[in-house]
1. How many of the residues in segment 103-157 are assigned to a loop (DSSP other than H, G, I, E, B) and of a type in the set (A, V, I, L, M)?
2. Under 19 Å from residue 379 (Cβ atoms), outside any loop (DSSP other than H, G, I, E, B) and either open to solvent by less than 10 Å² (accessible area, probe 1.4 Å) or of a type in the set (D, E, K, R) (or both): is that true of residue 361 in this structure?
3. Listed residues 100, 76, 89, 36; which is touching a residue at least 24 places away in the same chain (Cβ under 8 Å), closer than 23 Å to residue 231 by Cβ and either open to solvent by less than 10 Å² (accessible area, probe 1.4 Å) or in a loop (DSSP other than H, G, I, E, B) (or both)?
4. Considering each of 352, 339 in turn, give the residue that is under 26 Å from residue 92 (Cβ atoms), among the small types (Gly, Ala, Ser) and crowded, with 16+ Cβ neighbours inside 10 Å.
5. What is the number of the single condition among (1) within 30 Å of residue 16 (Cβ to Cβ); (2) in a loop (DSSP other than H, G, I, E, B) that residue 306 does not meet?
6. Does residue 151 meet the test of being open to solvent by less than 50 Å² (accessible area, probe 1.4 Å) and more than 17 Å from residue 6 (Cβ to Cβ)?
7. Would you mention how many residues in segment 242-281 are open to solvent by less than 40 Å² (accessible area, probe 1.4 Å), under 21 Å from the mean Cα position of the chain (by Cα) and without any contact (Cβ under 8 Å) to a residue 24 or more places away in the chain?
8. Residues to consider are 216, 204, 238; find the one that is in contact (Cβ under 8 Å) with a residue 12 or more places away in the chain, in a loop (DSSP other than H, G, I, E, B) and either among the charged types (D, E, K, R) or open to solvent by 60 Å² or more (accessible area, probe 1.4 Å) (or both).
Amino acid sequence: MREVYINKMAAFFPNEPVDNDHIEEVLGMVDGNPSLVKRIVLKSNKIKTRYYAIDPVSNETTHSNAQMAAAAIENLEDAGFDINSAEVLACGTTTPDQLLPGHALMVHGETNLKPLEVVSIAGICLSGLMALKYAYNAIKSGDIESAITTGSENVSASMRGRNFEPEVQSKVEMVRRNKELTFEKDFLRWMLSDGAGAIGTSSKPNSDSLSLRIDKIFSRSYASELETCMYSGCEKLKDGTTRGYREYVPEKWLTKSIFAVKQDVKLLNANILEYTVYKPLEEMLQKEMFKPEEIDWFLPHYSSGYFRDKLYDTMKDVGCDIPQEKWFTNLETKGNTGSASIYIILEELFNSGKIKKGEKLLCYIPESGRFSTAFMLLEAV
């Protein structure tokens, strides 16, 4: 089978970066009151700036998800990738602009790309990488020569304070008594942000510049072992199961904030490291997929700075000691952009000039939706 190469990468961010002191000016307050948990979450996640597809003056939406992905593809062309050589466009996202049509078709519609095969990958953080894996498999098998993949998020559209007004107004006393109710929905307002990344791949390395050969994309789902942790469009019940939005009358969609992105933080903290780090790395090392001492760059997509040292400790416990001096992340300045994060992290490092030929990279992408994970091995050529 043929080799597959990442030839070019690009990113797109809407508007100017927003610092911690101005988040609520852009997203808006809930019921006119500042968040009770904002400072706690921001201190823990260590994010200092992020981007929102919202005009800070008019508070109007400036970019759809599809438009941001298309802008990243345009930037990919500006970076030197022949976008019209692509035979596949594969797009992953957590936050499509609509239920139907598929996200990738909407992205295609925002571009000037020729008619080509288009694939939408649904999911959360892993959807962007799984879009890349689709392209990787298609090129490796000999079915196509070149592809474009994207990961993109417009999560701010669902994080606006006004979206939570009906629930707060209908349950004022309950909310005041039960802070846990507000936390699972308020938590992610200070964790997630908007952005898009695009990757151009082909069966040949660049002749005049650095390329990254994709050696392995390894993924595992542990959904059969654990209940749902991060969710939207449903309500999590006391027995751990979920009830989808179609089971509720439309009025309940508002009063229960059914479409808000929610996180079971207790479940997350108890299981994220074991199921997205220890278990998959243990399997990879047993199968001798890589040697930790040979890794020159480790690119982790952890959702919060809170997990950095805990991630390192877990890696050491499983026998994968990659010193933090070899780590690269831009969470602090770019925020947590979900499916786009690994694109945005890799793009910044790739275009920084820091990577040297022969160096090996290991990317880590966890997903807490139903606990799944992926690792990608690359070599600079």
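The values are calculated or read from the model by the stated rules, or taken from the named source; none is laboratory data. Here the structure is a predicted model, which is why all the values come from computation and not from measurement. Cβ placement follows ideal geometry from the backbone for every residue including glycine, while neighbour counts extend to all protein chains displayed. Just so you know, the surface numbers come from the protein's heavy atoms only, side chains and all, with ligands and any DNA or RNA stripped out. Shrake-Rupley method; radii C 1.70, N 1.55, O 1.52, S 1.80 Å.
1. Residues in segment 103-157 being assigned to a loop (DSSP other than H, G, I, E, B) and of a type in the set (A, V, I, L, M): 5 in total.
2. Working: under 19 Å from residue 379 (Cβ atoms): yes; outside any loop (DSSP other than H, G, I, E, B): yes; either open to solvent by less than 10 Å² (accessible area, probe 1.4 Å) or of a type in the set (D, E, K, R) (or both): yes.
So residue 361 passes the test.
3. So the residue among 100, 76, 89, 36 that is touching a residue at least 24 places away in the same chain (Cβ under 8 Å), closer than 23 Å to residue 231 by Cβ and either open to solvent by less than 10 Å² (accessible area, probe 1.4 Å) or in a loop (DSSP other than H, G, I, E, B) (or both) is 36.
4. Values: 352 fails: crowded, with 16+ Cβ neighbours inside 10 Å.
Of the residues listed, the single one that is under 26 Å from residue 92 (Cβ atoms), among the small types (Gly, Ala, Ser) and crowded, with 16+ Cβ neighbours inside 10 Å is 339.
5. Exception for residue 306: condition (2).
6. On the way: open to solvent by less than 50 Å² (accessible area, probe 1.4 Å): yes; more than 17 Å from residue 6 (Cβ to Cβ): no.
No; evaluated as a whole, the condition is false for this residue.
7. Number satisfying all stated conditions: 0.
8. 204
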